[in-house]
Amino acid sequence: MNRTSTLLLGIVFVSLTSAASAETPVTADVMAALVETDWRQPDPANVLYMELPQGMIVMELAPDFAPKNIVNIKKLVAEKYFDGLAIIRSQDNYVVQWGDPAEDDDARSIGSAATAISPEFSRSTDGVKIFNIDSRDAYADTVGFANGFPVGSNGEQVWLTHCYGMIGVARGTEPNSGNGTSLYVVTGHAPRHLDRNITLAGRVLSGIELLTTLPRGNGPLGFYESPDELTPIVSVRLGTELAEQERLDINVMRTDTDAFANYVKSRTFRREDWFVEPTGRIEICNIIPPIRVD
């Protein structure tokens, strides 16, 4: 290809990008045009409320992707396993993890919950409706959203992706060594290399700032090294265990609507006055479905 052809290709690319950008609404306009049917209320049976001394963290579980692990997590919650345990790790630009800080010999009983769960790193695409995102993803053939959660797919399998705020089931070396007794939340960059290596079980809807602002652990991988560094967990409850007036009136933007398609476009082609370059590209973890708390 000669120099002239290369320049012409560059001109065509810029022209197409500019045209697409000019036709795209800004995010503020997309949000202002939303109607009630563009929102959904998470099922209280799949919402966890974790109370820390600093406040409440609300999380939505994803049983379509990790059903066995979530059954175990719900058993642990119902039997109040997490009450009085602690945040045990805060690794800079990575994750915050909680569980039992005791050594194995003194670890708390897990009651009727299973000690080992088969890993649920991915599942069949059968029955999963994916809203695809136009993205040159490094870790999946296609990416998008399914039931409000960020996913990757190779056409046969689909899996949740390690975006900011996602909840993972901590494990050791053995793939089936996670059982939900220790969970973590992504609080930094998206560690997508963990996709399909750890079971993801949901995402934080509200209160993540209570985790991201915790002091960093000085031990290996950000683990705390002394008891006085730990943040105690007051309680963890399912939404169905709380009285209706105690639940957060929270709504999540649906990811299967024309409104969400417009939202994705508005985040891909940035037309706000501040932007000089509209970008015209986006990654799955740059798109977090908006949350509304009434």
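Since every read-out is calculated from the coordinates, none of them should be taken as a lab result. What you see is a predicted model; the values in this text were computed from it and never measured. With ideal geometry, Cβ positions are generated from the backbone for all residues, glycine too; neighbour counts draw on all protein chains shown.
Sequence-ordered 3J(HN,Hα) estimates for segment 160-177 from the Karplus curve with 6.51, -1.76 and 1.60 and θ = phi - 60° stand at 6, 10, 7, 8, 3, x, 6, 9, x, 9, 4, 9, x, 5, 6, x, 9, 8 Hz, glycine and proline given as x. Computed from backbone phi, the HN-Hα couplings of segment 240-253 come to 6, 7, 9, 5, 4, 6, 8, 7, 6, 7, 10, 10, 10, 4 Hz, rounded to whole numbers (Karplus: 6.51 cos²θ - 1.76 cosθ + 1.60, θ = phi - 60°; Gly and Pro given as x). In the chain, the DSSP-assigned H stretches of four residues or longer account for a calculated mean residue ellipticity at 222 nm of -5500 deg cm²/dmol, using -39500 (n - 2.57) per stretch and the full residue count as denominator.
Scan segment 71-133 for chymotrypsin sites (Phe, Trp or Tyr not before Pro) in coil per DSSP, keeping those whose Cβ has at most 15 other Cβ atoms within 10 Å, and list them by number. Numbers along the way, then the final one.
On the way: sites: Tyr81, Phe82, Tyr94, Trp98, Phe121, Phe131; in loops: Tyr81, Phe82, Tyr94, Phe121.
Listed in order of number, the matching sites amount to none.
Compared with the dominant principal axis of the Cα atoms in the chain, helix 3-22 is inclined by about 60°. Round to a whole angstrom and tell me the spacing of the C-alpha centers of segment 49-70 and segment 82-130. Segment 49-70 and segment 82-130 have Cα centres spaced 11 Å from each other. When peptides 189-201, 230-242 are sorted by average Cβ neighbour count within 10 Å, with the highest value leading, the order is 189-201, 230-242.
Taking a threshold of 29 Å on the Cα-Cα distance, which of the pairs Lys74/Lys129; Lys80/Lys129; Lys68/Lys265 fall above it? Could you put the intermediate results ahead of the total?
Details: Lys74/Lys129 26 Å; Lys80/Lys129 35 Å; Lys68/Lys265 35 Å.
Among Lys74/Lys129; Lys80/Lys129; Lys68/Lys265, the Cα-Cα distance tops 29 Å for Lys80/Lys129; Lys68/Lys265.
For segment 132-142, 3J(HN,Hα) computed residue by residue from phi via the Karplus equation (6.51, -1.76, 1.60; θ = phi - 60°) reads 6, 10, 6, 8, 8, 7, 7, 10, 8, 5, 9 Hz, glycine and proline entered as x. Placing pseudo-labels 7 Å out from each Cα toward the beta carbon at Asp273 and Phe223 gives an inter-label distance of 5.2 nm. The residue among Gly172, Ile133, Val47 whose Cα reaches farthest toward the positive pole of the charge dipole of the chain, with charges on the beta-carbon of Lys, Arg, Asp and Glu, is Ile133. Once backbone amide H atoms are built at 1.01 Å from N, Ala62 has Gly202 as its partners under 5 Å, excluding neighbours fewer than 5 places away on the same chain. Under a 5 Å amide H cut-off, with hydrogens placed 1.01 Å from N, Ile88 pairs with Gln97, Trp98, Gly99 among residues at least 5 apart or on other chains.
Evaluated over the Cα positions of the chain, the convex hull gives a direction-averaged projected area, one quarter of its surface, of 18.8 nm². In segment 149-268, the C-alpha radius of gyration followed by the widest Cα-Cα span (Dmax) gives 17.1, 51 angstrom.
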